[in-house]
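In what follows, a structure is listed as structure tokens, so that the remarks can point back to it.
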Amino acid sequence: MEELKRLREQKGWSQSRLARESGLDRATINQVEGGRRSPTIATLEILAESMGVEVADFFPKVQAALPFERAGQPSAETAERYVRFGELMVEGWLLELADRMEHEDVAWFRRITILASEYTAILRELNLPRPRDGKGRLMDINAAMQEVFDGFAETIERRKASGTPVEARDEEMVAARTTG
């Protein structure tokens, strides 16, 4: 276990010192560090306690790089997946739009506005290469998002016309997102 050795050395301890502190045999510690012996859970708990660490510290978490991080640039496949996700997302929104407008579901419109903003920010931040079908698919996604934002605006206007209170944040969201 390389991590046991690293943690021990980080404390400035020798194998003999760790053996004294833990009550384990120095040969056992040597074999565990060298990978010639697999420690039991009980042994790991004793070692962790004597070193003032958690058992989990012997097993560091390592996250593999995402595919586009390895290459330094998102792949066309990654771009395709993000665009497809956007298409599916707005497709679902459009299926619900009329019903949400009819029921003046302002909370739904708020959530959709936030999701759309986050999705757009992610696309910009990743600087994805153009998807295989060109810019047209992204324009379709934007048009669908605009349709939802226009529905939000119409819902807010209906609420105001009927005397139903409208929150300032809803008016601000609509103003920031609609073409008017």
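The values are calculated or read from the model by the stated rules, or taken from the named source; none is laboratory data. Bear in mind that the values here come from a model prediction, so they are computed numbers and not experimental data. As a convention, Cβ positions derive from the backbone with ideal geometry for all residues, glycine included, and neighbour counts pool all protein chains shown.
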Of all residues in region 159-170 being surrounded by 14 or more Cβ atoms within 10 Å (Cβ to Cβ) and not aliphatic (A, V, I, L, M), the one that is farthest from Ala121 (Cα to Cα): Arg159
When every residue in region 6-26 that is buried (at least 17 other Cβ atoms within 10 Å of the Cβ) and among the charged types (D, E, K, R) is compared, the one farthest from Pro60 (Cα to Cα) is Glu21
Flagged pairs (Cβ under 7 angstrom, 6 or more apart or on separate chains; first in region 97-113, farther than 16 Å from Glu157 by Cβ and free of Cβ contacts under 8 Å to residues at least 40 places away in the same chain; second part of a helix (DSSP H, G or I) and not aliphatic (A, V, I, L, M)) are Trp108/Arg100
Under 8 Å between Cβ atoms, at least 6 apart or on separate chains: pull out the pairs that start in region 157-170 with a residue that is under 22 Å from Ile114 (Cα atoms) and end on any residue that is charged (D, E, K, R). Arg158/Glu104; Arg159/Glu104; Pro165/Arg159; Val166/Arg159; Val166/Lys160; Arg169/Arg110; Asp170/Arg110
Of a type outside the set (Val, Ile, Thr) and at pLDDT 90 or above: does that describe Ala175? no
Report those helices (runs of 4 or more DSSP H) wholly inside region 56-144 carrying at least 1 residues which are modelled with pLDDT of 85 or more and under 25 Å from Val174 (Cα atoms). 76-102, 106-126
